[in-house]
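> Before we start, here is the structure in question, set down as structure tokens.
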Amino acid sequence: MDASYFSSQFQMVMYQLIFTLLKERLNSASGTAAEAEVADVSATESNSGKSSSVTGKFSEIIRAASEKYDVDADLIQAVIKAESNFNASAVSSCGALGLMQLMPATAKSLGVDDPLDPKQNIFGGTKFLHRLLDKYNNNVSLALAAYNAGPGAVDKYGGIPPYSETQTYVKRVLNYLA
């Protein structure tokens, strides 16, 4: 492994740390210490966060998927932004479909009959994201890398694969979250 791989890994850890610190700072700035403590407990108990920052045409579907699969709504929205820029009819050159760019085989394994249907796509993509977060112990960077490159690649490299596309993707989604 070359030094750039470790540098990228370090950057991802730093992005996560900064993001966590910013969230904690925002929680404590938004109310009393007791309110911040309640917010921290709520965030620990559930990732689903009924975030008011989730807006737009698909916000209700995103919130419903967030609730059902216990995945942060802001994370779902960030993935959709990175994957399709909210284009429900998006089709990639490799055949990924819809808002969350599900590959046909993945969509089928998630019970998605019509990957171009926004509700089915968001629920399927969120279900997949939930599985990845579980697999990687809620490590958002690893789950995102697996969402982009596949869990096999993340497992093979023991972290974010040294693919520039995947490293850029993880950074982009984390930036949208921040």
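The values are calculated or read from the model by the stated rules, or taken from the named source; none is laboratory data. Predicted model, so just to flag it, every value in this text is computed and none were measured. Backbone-built Cβ (ideal geometry, glycine too); neighbour counts: all protein chains shown.
> Taking region 150-178 as the search range and keeping residues that are surrounded by fewer than 19 Cβ atoms within 10 Å (Cβ to Cβ) and touching a Leu at 6+ places or on another chain (Cβ under 8 Å), which one is modelled with the highest pLDDT?
Quick first cut of region 150-178, residues surrounded by fewer than 19 Cβ atoms within 10 Å (Cβ to Cβ) only: 150-153, 155-158, 162-165, 168, 171-172, 175-176, 178.
Checking which are touching a Leu at 6+ places or on another chain (Cβ under 8 Å) leaves us with 151, 178.
Working: 151: 97, 178: 88.
Among them, the one singled out is 151.
> Tally the residues that are part of a helix (DSSP H, G or I) and under 15 Å from residue 70 (Cβ atoms), restricting the search to region 128-174. Can you show your working first?
Initially, region 128-174 is screened for residues part of a helix (DSSP H, G or I), giving 128-135, 140-149, 151-157, 164-174.
The next check asks that each one be under 15 Å from residue 70 (Cβ atoms); those that pass are 128-135, 140, 143.
Residues that pass the stated criteria total 10.
> Quick check on this structure: which one of 98, 49 is of a type outside the set (Ser, Thr, Tyr), on the phi > 0 side of the Ramachandran plot and at pLDDT below 50? Lay out the reasoning, then the answer.
Details: 98 fails: at pLDDT below 50.
Being of a type outside the set (Ser, Thr, Tyr), on the phi > 0 side of the Ramachandran plot and at pLDDT below 50 holds for just one of 98, 49, which is 49.
Each row is one residue, and each column tells you yes or no for (1) without any contact (Cβ under 8 Å) to a residue 24 or more places away in the chain; (2) closer than 14 Å to residue 100 by Cα; (3) in contact with a Cys (Cβ under 8 Å, 6 or more places away or on another chain); (4) polar (S, T, N, Q).
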residue: 121; (1), (2), (3), (4): no, yes, no, yes
residue: 124; (1), (2), (3), (4): no, yes, no, no
residue: 129; (1), (2), (3), (4): no, yes, no, no
residue: 138; (1), (2), (3), (4): no, no, no, yes
residue: 152; (1), (2), (3), (4): yes, no, no, no
residue: 156; (1), (2), (3), (4): yes, no, no, no
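> Still on this model: Those residues that are farther than 18 Å from residue 60 by Cα and either surrounded by 23 or more Cβ atoms within 10 Å (Cβ to Cβ) or of a type in the set (Lys, Arg) (or both), I need them from region 98-114; list them, please.
Once the filter is applied, which keeps residues that are farther than 18 Å from residue 60 by Cα and either surrounded by 23 or more Cβ atoms within 10 Å (Cβ to Cβ) or of a type in the set (Lys, Arg) (or both), region 98-114 yields 101, 102, 107, 108, 112.
> Going by the structure shown, is residue 149 within 21 Å of residue 63 (Cα to Cα) and among the small types (Gly, Ala, Ser)? Don't jump to the end; show me each part of the working.
Values: within 21 Å of residue 63 (Cα to Cα): no; among the small types (Gly, Ala, Ser): yes.
Against the criterion (within 21 Å of residue 63 (Cα to Cα) and among the small types (Gly, Ala, Ser)), residue 149 does not qualify.
> More than 20 Å from residue 174 (Cα to Cα) and either within 13 Å of the chain's Cα centre (by Cα) or at pLDDT 95 or above (or both): does that describe residue 133? Step through it out loud before you land on a result.
Working: more than 20 Å from residue 174 (Cα to Cα): no; either within 13 Å of the chain's Cα centre (by Cα) or at pLDDT 95 or above (or both): yes.
Judged against the criteria, residue 133 is not a match.
> Which numbered condition in (1) at pLDDT 95 or above; (2) surrounded by fewer than 24 Cβ atoms within 10 Å (Cβ to Cβ) is the only one that residue 55 fails?
Evaluating residue 55 over (1) at pLDDT 95 or above; (2) surrounded by fewer than 24 Cβ atoms within 10 Å (Cβ to Cβ) leaves (1) as the failure.
> Okay, next question. Mind listing whichever residues of region 76-99 are under 16 Å from residue 166 (Cβ atoms) and within 17 Å of the chain's Cα centre (by Cα)?
78, 79, 82, 83, 96
> Working only within region 136-149, note down all residues that are under 17 Å from residue 173 (Cα atoms) and surrounded by fewer than 16 Cβ atoms within 10 Å (Cβ to Cβ).
Result: 138, single match.
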